[in-house]
1. What is the dipole size for the protein assembly as shown, taken about its Cα centre, with +1 at each Lys and Arg Cβ and -1 at each Asp and Glu Cβ, in debye to the nearest 20?
2. Using heavy-atom solvent-accessible surface (probe 1.4 Å) with all chains present, what is the largest-first order of C:E107, D:E38?
3. Taking chain A as a Gaussian network, where each spring joins two C-alpha atoms under 10 Å apart, which residue of A:D120, A:D21, A:D57 fluctuates the most?
4. Tell me, what is a quarter of the convex hull surface for the C-alpha atoms of the protein assembly as shown, in nm² with one decimal?
5. In whole Å, what three semi-axes, largest first, describe the equivalent ellipsoid of segment B:11-137 built from its Cα gyration tensor (square root of 5 times each eigenvalue)?
6. Mind giving me the nanometre distance, one decimal, between the label points for B:L134 and A:E47, set 7 Å out from Cα along Cα→Cβ?
7. Using a label position 7 Å from Cα in the Cα→Cβ direction, what is the ascending list of nm distances from D:R104 to the same site in the other copies?
8. What is the sum of charges, Lys and Arg at +1 and Asp and Glu at -1, for the other residues whose Cβ falls under 14 Å from the Cβ of C:E47?
4 protein chains.
Amino acid sequence: MHAAANPSAPYRHRLRVYWEDTDAGGVVFYANYLKFFERARTEWLRERGVGQQQMKDDTGHMFVVAESRVRYARPARLDDSLEISVELRSCGRASMLIAQQAWRGSELLAEGEIRIGCVDALTFRPQRFPNPILQALT
Amino acid sequence: MHAAANPSAPYRHRLRVYWEDTDAGGVVFYANYLKFFERARTEWLRERGVGQQQMKDDTGHMFVVAESRVRYARPARLDDSLEISVELRSCGRASMLIAQQAWRGSELLAEGEIRIGCVDALTFRPQRFPNPILQALT
Amino acid sequence: MHAAANPSAPYRHRLRVYWEDTDAGGVVFYANYLKFFERARTEWLRERGVGQQQMKDDTGHMFVVAESRVRYARPARLDDSLEISVELRSCGRASMLIAQQAWRGSELLAEGEIRIGCVDALTFRPQRFPNPILQALT
Amino acid sequence: MHAAANPSAPYRHRLRVYWEDTDAGGVVFYANYLKFFERARTEWLRERGVGQQQMKDDTGHMFVVAESRVRYARPARLDDSLEISVELRSCGRASMLIAQQAWRGSELLAEGEIRIGCVDALTFRPQRFPNPILQALT
């Protein structure tokens, strides 16, 4: 609610583990935490008024992931209810760093950092973040 | 709410379209409607007290999809909010047929039928549905 | 080889089952057969000189799946080597029907039919197949 | 060829980008490079005589990813043919570090490091790598 007062406080997005997320090891496939992290970032952006389809339509720009890092501590399983956190660590004109974690209750399952840049959607050339985006996030 | 009185009324599960669901055509990748359908079936089962991990642990049985059919009417796009319906059409001792639809507001995007069977989780031999499952669903 | 002489003979594409394809049931996730089918169709098209990115760039049109149907007979597992067949059943001006099967050696694991249409890549309005495509396939 | 003489030389696995790998940005979805990396590691292991399903059946152990890091340089697109490299950087009794890259011809698209551990497949407790595995890889 008071996002403007404390825009970098950890945001939390809840999701459920379905069959599609698991692999034959009986647990969530390791690449899928990047999907979970992205869902949470998308909802975090939406809560701040940033719709990514809208941003692309309006400005011709889109976010891209420049770097991802994930450490896996404990496996998530089918039917688990997880909370995915989003915390903006730093935000410059052309790059932001976001820390994310996956929790099952009080157990930390995975954590990572995602570096986000901005590109022209047609040429993929690097761009500065549009000003309204910067204002919404910082 | 009155699930016991009318267990086969269409159940609806809401979900959001994320980047992971789309393809380079700019729309949801056609195979992913089967993921959406399964998420909705899983929540429909959960509402009726059926947890699939629990069922596997307790009985050694699990559901399998025996047949899937999907007709695609209109494409879903990034950021769309969809409702996925679940309706039990028929349920025998070893096979059930479920009709499902994907809606964006009042627009029907896709519809299909999924035939579900039951197998031993170790041998994959066909089994009858466990009695508590049948009672919960019919 | 003699594609021109017998364009609808079953084409076969070989692929391997990886962790990403499996689920916690220990077998290939049911939606992923649609991915396998599409990979095989893409290679079948490529062998006939049809590149889909090229087609989109040249004509502004792209293929879409209008209907999919899959029957699942036996589960595929991690490390399995599969062959996916592609057989053109019928091809009109605006719709084609393709029969596909997934084999592990002499065991049929899954089979289905995929109905393909053609749309304008920007508007998603139905289009006839471009003439060079029709000539390459029929 | 001379794998025994130089077991840590970069191994290369070729793969094709299909619709399933792309997203609405028109390029490969960022999480899918982890799938590409894993396919290449699996084939690299297979070339050294290590089958993961076989290892699980024989020893009850399986590999797990403990940490993943990817830097994304240029986007891959539909129909691209990529080469994914695998290079063993270090290998202890319970942890190995693998460097991987994704190439399109002479263009480096993405690179990363994957830390692999070993667990009991039932309890997920950390284990040392089975001796035959260590001998095959080092």
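1. On the way: 76 positive and 68 negative charges, 0 e Å.
Once rounded to the nearest 20, the dipole reads 0 debye.
2. On the way: C:E107 65, D:E38 25 Å².
Descending order: C:E107, D:E38.
3. Result: A:D57 has the largest fluctuation of those listed.
4. Numbers: hull surface 105.3 nm².
Approximately 26.3 nm², given one-decimal rounding.
5. On the way: eigenvalues 163, 40, 35 Å².
Semi-axes (√(5λ), whole Å): 29, 14, 13.
6. If labels sit at B:L134 and A:E47, their model points lie 4.7 nm apart.
7. Values, ascending and in nm: 2.7, 3.5, 3.8.
8. Details: positive: C:R12, C:R14, C:R39, C:R41, C:R46, C:R48, D:R16; negative: C:E43, C:E87, D:D79.
Once all neighbours under 14 Å are counted, the net charge is +4.
The values are calculated or read from the model by the stated rules, or taken from the named source; none is laboratory data. What you see is a predicted model; the values in this text were computed from it and never measured. Ideal geometry is used to build each Cβ from the backbone, glycine not excepted, and the neighbour counts take in all protein chains shown. Please note that ligands, DNA and RNA were not included when accessible areas were found on the heavy atoms of the full protein model with its side chains. Shrake-Rupley method; radii C 1.70, N 1.55, O 1.52, S 1.80 Å.
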